[in-house]
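Student: The structure follows.
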Amino acid sequence: MKKAFDYNSHYLEKGGKPWFPVMGEFHYSRYKEMFWEESLRKMKAGGVTIVSSYIIWIHHEEEEGVFDFTGCRDLRQFLFLCKKTGVYMFLRLGPWAHGEIRNGGFPDWLKEKEGICLRCDDEVYLGYVKRYWENVFEQVKGFLYDEGGPVIGVQIENEYGHVGGLHGKNAGDGHMRTLTALAKEIGFQVPIYTATGWGGACIGDLLPVMGGYCEAPWDPRTTEIEANANYVFSHIRNDALIACDHHMEEMVTFDESKFPFLTAELGGGIQVTAHRRPVATGKDIGAMSLTKLGSGVALLGYYMYHGGSNPEGKFSTLQESKLVGDLNDLPEINYDFNAPIRQFGGISDGYREIKLLAYFLQDFGDDMAVLEAEIPNEGIRPDDLHTLRISCRHDESHGYVFFNNYQRRRKMDAHSGIILIGICGQKKVTFPAIDIEDGEYGFFPYRMKLGKAVLKTALATPLCRLCTRQGDIYVFYGDRDPLFTWEGNEWADILHISRKDALRAFRVKTDQEYLVLADNYVWEEDGEICVTGGSHTKIKCFPKPLSGIGGFKECGQDGRFFIYERRIEEKKTEVRVQKIFEDGKKTEYELVISYNESSRQKDMGRIKGRDTILQMTFAGKSMEVFVKEHKINDYFYTGQKVLLSLGYFNFPEKLKIVVQRLHKSDDIFIEKWPLMNGESICSLMGATTWEEYR
């Protein structure tokens, strides 16, 4: 009998067939529960099929023996919504998590116990773990896959033997086996069990998952660091940057040939620290994802996919902090991560970049999963800015050729007249010559089956297949002349769009599948196409919906797309900024917010479909935001605009903003320092708002 979910040495399987999912990390306890469903729908609309989350011990048992599974900690409700929205779930049980959390997720009371050995087979420690996991299981019970629920996997521990814990086959792997047996004994019976495998971590017979980040804000240096190896095609799975401050970079404890190349922690963004503040861009994430795909990866798993905020603690703040022995100082509340879905639910350029690959893998991942990666010029160094990086994933009959000419924070040579070669065993498929500019990355198919047709070559990239009443329509994107060439007399119906439009594209299924081009978020709910936008929102849709799109009027046609627009009458929310205090260390401001009439009505609050977004520009070391004297958010300066959802905080009428002074002499790595007239700066330069309608 075929297992529902399984794996071999090359790829994951679902129902006995190759399966190539996309996984995204979303910490439910770092986001308000009334917005979980909206966020899960956003993740699904972005092509995510598995949601993963740490089950953070200190969030659930901050006080010894007192468990909290209410509000944003309501794991059972979160699992219910995962089932409702149709996404699978992976529980990262810990007990230790890291995750930029106080004590790595251990409660203070546990850390302060005398005579106990944490993260080992100490009977007292295991007794506390057992009690904690039993309480977690009470929330999970009924939602395991075999019970008809969404939970298909469990991760045991995190970075064990890499960041703390024991080492070696007997001690390190032995403890992982002890924890795995304990989880199963309690009732966590799932198809797949994993362990993080980078940097010398012990996996204890579990399926190893790897990672890769575009930068290293945990690196103690405050200078520009080396060119990142995650932008080079390679069969090396270990990312030496992850937690390099623990100096276990080069070690791998298992035989990689026995396991598929899976990632659980590709950086969907990056969380800044007090001393190091890199900004992850959409292209950073897109090029890294493309490179991993071309290197043979069989699961794209992102940490984080959804940003959030640390919840309030009973006894302390809950962020990673040097004050309690952690290695880095993090914002007290803000866990935005520059993630694909940001701290308050806005979508980023990273979301759009990942969606390009996620949609492709939903339709063609079963094909990609079985193809091995062949890297003709493997061994290129990441600081080689002259050589074009190439890879092929192929079998004897067909494949995909990958190219990457992007290296984060570096300028690459342009390449003219490049002839890409697709490998098919001893045969080769030659593409027309192209120019590849600095910053370009992508992949092209060759001898690709599209229904009954075989696409020999194309200078365009497949996005997805639309199942419509007209039949299957294949969407490709790119800014070159695609030059589609076919084998034989069969041709497929292809819709070709620009890369810019592909980034704006959402696939939505109601009575049939549609491709909607929009600047914000589009999803399906209760059989309707729903669109987020401003007071004037314009979208394009293909094919033409039989009954239109609710709230939108048809206003034209552009090629095969039909144009729709929505206009909402509104009076703009106004913000008045007043400086109320200043000394040599900080400056305080009061923001008075005057909402338009509709936003004052409770039935028009964010839950019912609208929000007011506050955008602020500041220059200083950091900024804190208060409602009255209650801190609601904080930011380390990175040079980015600060976005705050006012609906998330029930539309406050006043905010207090406190900016801390930044000095030229501060030992901080900032990619884009503010302009200073003197030796320091401490200023809120602007605040504006816009309305967002769902």
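FYI, it's all coordinate maths here, none of it is from the lab. A quick note: this is a predicted structure, and the numbers were derived from the prediction, not measured. All Cβ positions, glycine included, derive from the backbone under ideal geometry; neighbour counts span all protein chains shown.
Student: Return the aspartates and glutamates within reach of LYS579: Cα separation strictly under 14 angstrom, same-chain partners fewer than 8 residues apart disregarded; answer none if there are no such residues.
Tutor: GLU588, GLU590
Student: Quick one: if the Förster radius is 45 Å, what FRET efficiency do ASP666 and LYS2 give, using the C-beta to C-beta distance and rounding to 0.05?
Tutor: E between ASP666 and LYS2, to the nearest 0.05, is 0.15.
Student: On to the next question. Quick check on the exposure proxy: order ARG408, ARG237 from fewest to most C-beta atoms within 10 angstrom.
Tutor: ARG408, ARG237
Student: Relative contact order, percent, of the stretch 574-693 when contacts are C-alpha pairs under 8 Å separated by at least 6 residues?
Tutor: 35 percent
Student: Enter the Cα centre distance for the pair the stretch 521-593 and the stretch 361-383, rounded to the nearest angstrom.
Tutor: So the separation of the two Cα centres works out to 38 Å.
Student: Between SER498 and MET34, what's the calculated FRET efficiency when r is the beta-carbon distance and R0 is 30 Å? Round to 0.05.
Tutor: The pair SER498/MET34 has a calculated efficiency of 0.20.
Student: Where a ≥ b ≥ c are the square roots of the eigenvalues of the C-alpha gyration tensor, would you call the stretch 22-367 rounded, which needs a/c under 1.5, or, failing that, prolate if a/b is larger than b/c, or oblate?
Tutor: The shape class here is rounded.
Student: When the helix-only estimate is applied to the chain (DSSP H runs of n ≥ 4, each -39,500 (n - 2.57), divided by the residue count), what is the mean residue ellipticity at 222 nm, nearest 500 deg cm²/dmol?
Tutor: So the helix-based figure for the chain works out to -4500 deg cm²/dmol.
Student: Follow-up. I'd like the distance between the alpha-carbon centres of the stretch 60-106 and the stretch 323-341, rounded to an integer number of Å.
Tutor: 18 Å
Student: Check cross-link reach from LYS141 to the lysines: straight Cα distance under 17 Å, and skip same-chain residues fewer than eight apart.
Tutor: Partners within reach: LYS83, LYS84, LYS130, LYS184.
Student: What does the charge count around LYS553 come to, taking other residues whose C-beta lies under 15 Å from its C-beta (Lys +1, Arg +1, Asp -1, Glu -1)?
Tutor: Local net charge: +2.
Student: I would also like to ask the following. Quick one: net charge around ILE668, please, counting Lys, Arg +1 and Asp, Glu -1 for every other residue with C-beta under 9 Å from its C-beta.
Tutor: +1
Student: Just grab the label-to-label distance for ILE568 and SER397, each label 7 Å out from Cα along the Cβ direction, in nm (one decimal).
Tutor: Calculated label separation equals 5.0 nm.
Student: Related question: What GluC sites (Glu not before Pro) in the stretch 472-548 are in a loop by DSSP, with at most 16 other Cβ atoms within 10 Å of the Cβ?
Tutor: GLU490
Student: Sort all Cα-Cα distances of the chain into consecutive 10 angstrom bins from zero, then give the percent of pairs in each bin up to the one containing the longest distance.
Tutor: Final binned percentages: 3, 14, 25, 27, 20, 9, 2, 0.
Student: Reachable lysines from LYS452, Cα under 27 Å, same-chain residues fewer than 8 places away excluded?
Tutor: Reachable lysines: LYS14, LYS17, LYS355, LYS427, LYS428, LYS509, LYS544.
Student: Tell me the net charge near GLU490. Cut-off is 15 Å between Cβ atoms, GLU490 excluded, with +1 for each Lys or Arg and -1 for each Asp or Glu.
Tutor: +1
Student: Can I ask one more? Would you mind calculating the relative contact order of the chain from Cα pairs under 8 angstrom and at least 6 residues apart, reporting the percent as a whole number?
Tutor: Relative contact order for the chain comes out at 10 percent.
Student: Right, another one. Quick one: Karplus J couplings for the stretch 300-316, per residue in order, coefficients 6.51, -1.76, 1.60, θ = phi - 60°, nearest Hz, x for Gly and Pro?
Tutor: 9, x, 10, 10, 8, 9, 10, x, x, 9, 5, x, 6, x, 6, 10, 6
Student: Another question, then. Based on other C-beta atoms within 10 Å, arrange THR49, THR387 from fewest to most.
Tutor: Ascending Cβ contact count within 10 Å gives the list THR387, THR49.
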